[in-house]
Amino acid sequence: MAEGIKDKVAIIGMGCTKFGESWDKSYEDLIVDAFKECIEDAGIEKKDIPAAWFASCFDEVFAGKAGTPLSTTLKLPFLPVTRVENFCASGTEALRGAAYAVASGVYDIALALGVEKLKDTGYGGLPDFGSVMGTKNRLITPNMTAPGAFAMMATRYFSVYNLSPEEGKRMLARISAKSHHNGTLNPKAHLRREVTVEQIMNAPIVAWPLGLFDCCGVSDGGAAAIVTRADMAKKFRPDPVYVKSLQIALSSGEEIGYTDFDYAHVETGYRAGQRAYREAGITNPREEISMAELHDCFSITECVTYEDLQFSARGRAREDIESGRFDLDGPQPVQPDGGLKCFGHPIAASGLRMIYEMYKQLQGKAGPRQIKNPKLALTHNMGGMPALNLIGVSIVGL
Amino acid sequence: MVGITSYGAYIPRYRINRNTIYSAMGWLNPATLMPGEKAVANCDEDNISMAVAASLDCLNGLEREKIEGLYLATTTSPYRERQAAGIVATALDLRPEIRTADFTDSIKAGTTALLAACDAIKGGSAKRVIACAADSRLGKAGSAQEEIYGDGAAALLLGDSGVIATLEGSYSVSYDFTDHWRGEEDKFDRTWEDRWIRDVGYTKFIPEAISGLLKKYELSIKDFAKVVYPALYVREHAAIGKGLGADPGQIQQQMLATVGDSGVASPLMMLVAALEDAKPGDKILLASYGNGSDAMFFQVTQEIDKVRDRRGIKGHLALKRELTSYEKYAAFRGTIPIEKGIRGDEIAFTQLSNLWRERRVVLALYGSKCKRCGTPQYPPQRICVRPDCGAIDEMEDYRFSDKKGHLFTYTGDSLAFSTSPPAIYGMIDFEGGGRYNFDLTDCDLDSIKVGMPVEMSFRRKYADPARGIYGYFWKAVPVQA
């Protein structure tokens, strides 16, 4: 009988660079910055690390393939390094690989590090999808961008729940305004400016109905974690954070190819959430999850994720958004660090950045955005587009 | 009895008023002003996509597997070498065991293709052949050609049974008359003096071919219900008919003020318009122009009444949207370079071996249908996409190109590169099952809604001019109520 990962692995050190348009930093700088903070936090030295998992996604615009960008940048002494890539959830995959390695007993310690240097393409937004969706895609799929793919979910959500564009956009604007507020409290965030619901609603359209402030930042950055066996964790520090669940679900193809999918939710998010709750022993996520970092690549993604993860009932996210449930001082804060929206989204670093915020919050080290007495924290890291994607859900706690 | 068994046409949705062109470029050459409007291919249309559209109109409801040849006449192929007829035949889902050919290099090539198709049937080497013609000709900014040239296509199915108009005879003249030409490196036509073209070419060759035909078959011009020949000039078009002794009512109305001079397609489009109004027993005389002239005459039969549901010329003329910007028109035709940004310039090499392997999937929009549960799916799958089925290798081919659908969701994407931003795309659910993401075309973001009906249209998906490759695929077009 499979036991799952609950309480077998602990995180004992983390590092995260400032996210943003780091015109003066190379991907090597981002790797070293995240790594330095991480091992100092863990109180270990490089020689203590026996294996590493390295995440990068749009490698063709910066580091290139394989694990060697990590091993050579950090001068790792001929260690096993596994490079993982699973779209925007690559960082969570690095953590999953490192955690499974430690849980299996093969290693006592492992490093997970994700980095992305996006701002060397010469244009705004992500590198073209043609490079990541396969070659047949180019022949038969629209020249889609990420905002466009998620905008189609907003169109559907508005249609299914009978929201006028004005009502729908106002609901989504409230999500972004909340994250912008949280971002102002975070010195490492990419975007640190309060914006009003009216400003958000009147911003230029990127992909109808999504406007500029419905879209997250496109950023450079890196994040890292050191994991160890749970029974060894207290040797390193008094406040390790324990892994309660690491789940991932990938599209089966039915969302894009079979007509049952409503495109007003993300099926993988629901499935990964269900598995994670089972693994962590959670029966009432709306009450039991103290706080969360959700994959708010776009405001609509955060909206449907409230429902997919059962923080809100199906079709009822709007009430919870408008009541302030997910605000920093609300009953279930989401994106306390500003989220992808304002912390920024260096693709393969984002999954580990989410864990970084939850780790700091659980340790009481989140400064002006500290949440009171959090117990269980959830991260939700999505890669791909609503009809073809994968989602990693992680739950960590004290 | 050999002759036409079906007809179809295509006129692109966009029309530009010639005043719009003249307002922008008339300063250069004030003598270019012409009345009316002309048809403009959308930025994702070209001679190949228009030939497919006209042929689909022609083949509406007919058995495609019985077609034994496809001849495409055009002078504006994007490829100097790669047979356009082969692309069209694949898109139409014709069998590979057929004869295909491009007829080109002269604007009379449309009638030549038509004659060759009839000859093949008369000679017994085929029973059903499509002859289609499409052109999208370029004029330099401020040129008379820019005002005159319009875009369009026509298709005729030829055969020896169910004939709606029998080919009774023909007469051709051929001259090396160099009124306009394009050299190896030329993007635009070069032309000789217009008065010489008009007085020595256009107004001489058409009457010569028609007179030759009348004499050969001992006919009088009065025997014909309609005399059909292309218009290069409004006044001389009328004068040719008058000179031949035809009443104004016998002369098939020219389309310079609605479509423009559509090159090879022009005489065949006018023939389609004539057939739309023809009655059993009518005689129709058709002549082309270009390096001489082909004249042919047809006898309309009782069968004509069975082919009345084509969109044809009338239907397509009625479906129009005005293009109000000259600059947008020029950008569509590539006559002014537009800022694409690095994102727009990034085009990966087209994997031609992959395109070959997937040719029916890409060019003919084939998916698969599960024999166990009946679910259509695109692109074709080996393992059924329906979650409670999952049958392995129990698929049959399933063509989506002729299926209607409705718009399940959509967006207008201002970030994606498009020559006509925003890039509008969405998810289409097909009647009978099946779903996929498609570009939408010939529509505005403001005019589309979730649930609206769409039909599929073969279009250019991307252009890679640096490597000389043009990618084609199917897009969804909202069906106008």
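Just so you know, all these numbers are worked out from the coordinates, no wet-lab data involved. The structure displayed is predicted, hence computed values, not measured ones. Here the Cβ is made from the backbone with ideal geometry for all residues, glycine too, and neighbour counts use every protein chain on show.
Among residues other than B:G292 with Cβ under 12 Å from its Cβ, the summed charge is -2 (Lys and Arg +1, Asp and Glu -1).
Here's how it looks for A:M291: its modeled amide H is under 5 Å from those of A:L376, A:L378, which are all 5 or more places away or on a different chain. Counting Cβ atoms of other protein chains within 10 Å of each residue's Cβ and taking the mean over peptide B:341-348 gives 5.
For the pair segment B:1-43 / segment B:312-386, the C-alpha centres are spaced 24 Å from each other. Here's the picture: charge each Lys and Arg Cβ at +1 and each Asp and Glu Cβ at -1 in segment B:3-333, and of B:L92, B:S288, B:I313 the one pushed furthest to the positive end of that dipole is B:I313. Shown in residue order for segment A:295-300 are the 3J(HN,Hα) couplings computed by the Karplus curve 6.51 cos²θ - 1.76 cosθ + 1.60 at θ = phi - 60°: 7, 8, 4, 9, 4, 5 Hz (x for Gly and Pro). Relative protection proxy for A:368-375, B:354-361, from highest mean packing down: B:354-361, A:368-375 (other beta-carbon atoms within 10 angstrom). Once the Cα atoms are used to define both axes, helix B:203-216 deviates from the longest principal axis of chain B by about 80 degrees. If only the Cβ of Lys and Arg carry +1 and only the Cβ of Asp and Glu carry -1, the dipole of chain A around its Cα centre is close to 620 debye. Per residue of B:350-359, what is the mean number of Cβ atoms on other protein chains within 10 angstrom of that residue's Cβ? What the average comes to for B:350-359 is 2. Taking a ≥ b ≥ c as the square roots of the Cα gyration tensor eigenvalues, with a/c under 1.5 meaning rounded and otherwise prolate when a/b beats b/c, else oblate, which class fits the protein assembly as shown? Prolate, since a/c reaches 1.5 and a/b exceeds b/c.
Computed from backbone phi with θ = phi - 60° and the Karplus coefficients 6.51, -1.76 and 1.60, the 3J(HN,Hα) list for segment B:338-350 is 10, 6, 9, x, 5, 4, x, 7, 6, 10, 6, 4, 6 Hz; x is used for glycine and proline. In the protein assembly as shown, a dipole from Cβ-located charges (positive for Lys and Arg, negative for Asp and Glu) runs towards its positive end, and of A:V132, B:L244, A:L362 it is A:L362 whose Cα lies farthest in that direction.
Normalised by residue count, chain A yields a Cα convex hull volume of 132 Å³ per residue.
Residue by residue along A:251-257, Cβ atoms of other protein chains within 10 Å of the local Cβ number 6 on average.
In this Cβ point-charge picture (+1 for Lys and Arg, -1 for Asp and Glu), the protein assembly as shown has a dipole of about 760 debye about its Cα centre. Rounded to the nearest 20 debye, the dipole magnitude of chain B is 560 debye, with +1 charges on Lys and Arg beta carbons, -1 on Asp and Glu beta carbons, and the Cα centre as origin. Taking label points 7 Å from Cα along the Cα-to-Cβ direction, B:R235 and A:K46 give a separation of 8.8 nm.
Can you find, among A:V227, A:G330, A:G211, the residue farthest towards the positive end of the dipole of the protein assembly as shown? Put +1 on the C-beta of Lys and Arg, -1 on that of Asp and Glu. Going by the Cα projections, it comes out as A:V227.
Can you tell me which of B:371-377, B:75-81 comes out highest on packing, and rank the rest after it, using the mean Cβ neighbours within 10 Å?
Descending packing order for the listed peptides: B:371-377, B:75-81.
Scoring B:99-106, B:324-331, B:6-13 by mean Cβ neighbours within 10 Å over their residues and listing the highest first yields B:6-13, B:99-106, B:324-331. Taking label positions 7 Å along the Cα-Cβ direction at both B:C389 and A:D231, the computed distance is 5.2 nm, reported to one decimal.
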